[in-house]
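Enquirer: Provided herewith is a single structure, encoded as structure tokens, for subsequent inquiry.
Since every read-out is calculated from the coordinates, none of them should be taken as a lab result. Just so it is clear, the structure is predicted and the values come from calculations on it, not from any experiment. Cβ placement follows ideal geometry from the backbone for every residue including glycine, while neighbour counts extend to all protein chains displayed.
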Amino acid sequence: MTVAPEESPAQEFPDEEHPAATTAPDQTAAAVELHVEDPDTASWQEDFVGLLSLGAIRAWFDWCNHRISIKTLSTSEELLVAYLMKEFEGSMGGMKSYATATAALAVEAIDGQPMPVPLGEHPGQPYKWALERFNYAQRWYPPTIDAILNAYLELERRQRTVLAGLGKALGPGVSAILGSSGSSGSPSAEAS
């Protein structure tokens, strides 16, 4: 007598509504509506220190009943992303570590509460705050990291558009420089 094998529940595979952790961020189905904050338009024109605010854009979006505030990364923060992901570079976790580190450093606050930082800086570890954020963001599930990264990439695209428009207003030589350099050299900047 043969016994029919028990039917197992249908195996679920990732689809567009439920992307896999390895799905590229631009392919997720749930698009967020990004609300860009009005920048201080005069601050970038200040002598010498104006360059520190040129390209800084802040925005927020709602994700599963949580308000997430993000900002574009500075050059030092982009370099910190590379530092944070170096342990995973070249492995299967490389892109996930990039997404997690970028999300961790781009998020300024969630529901009005700032991201965690150490109580004090140690002279031997001046970037401990970035490591603290990266470790905190590793607790988030992939859909949350993907949503934050998608919003960040949209903010970065907007940053390039604004800077390109600014270059056109300043003259053709400046717009060629701003248009060709991109904003960061990050994987997302080359892919766009």
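Enquirer: Name the long-range amide H neighbours of R67: under 5 Å, sequence gap of 5 or more, or other chain; modelled H, no Pro or chain starts.
Expert: Sorted by chain and number, the residues that satisfy this are D111.
Enquirer: Given labels modelled 7 Å from the Cα in the Cβ direction, how far is it in nm from Y141 to V117?
Expert: For the pair Y141/V117, the computed spacing is 3.0 nm.
Enquirer: Just check segment 65-172 against the gyration tensor rule for me: Cα atoms, a ≥ b ≥ c as the square roots of the eigenvalues, rounded for a/c under 1.5, and otherwise prolate or oblate depending on whether a/b exceeds b/c. Write down the numbers at each step before the final one.
Expert: Values: a/c = 1.56, a/b = 1.47, b/c = 1.06.
Judged from the Cα gyration tensor, segment 65-172 comes out prolate (a/c at least 1.5, a/b above b/c).
Enquirer: Another question about this same structure. When T100, T161, T72 are ordered from fewest to most other Cβ atoms inside 10 Å of their Cβ, what list results?
Expert: T161, T72, T100
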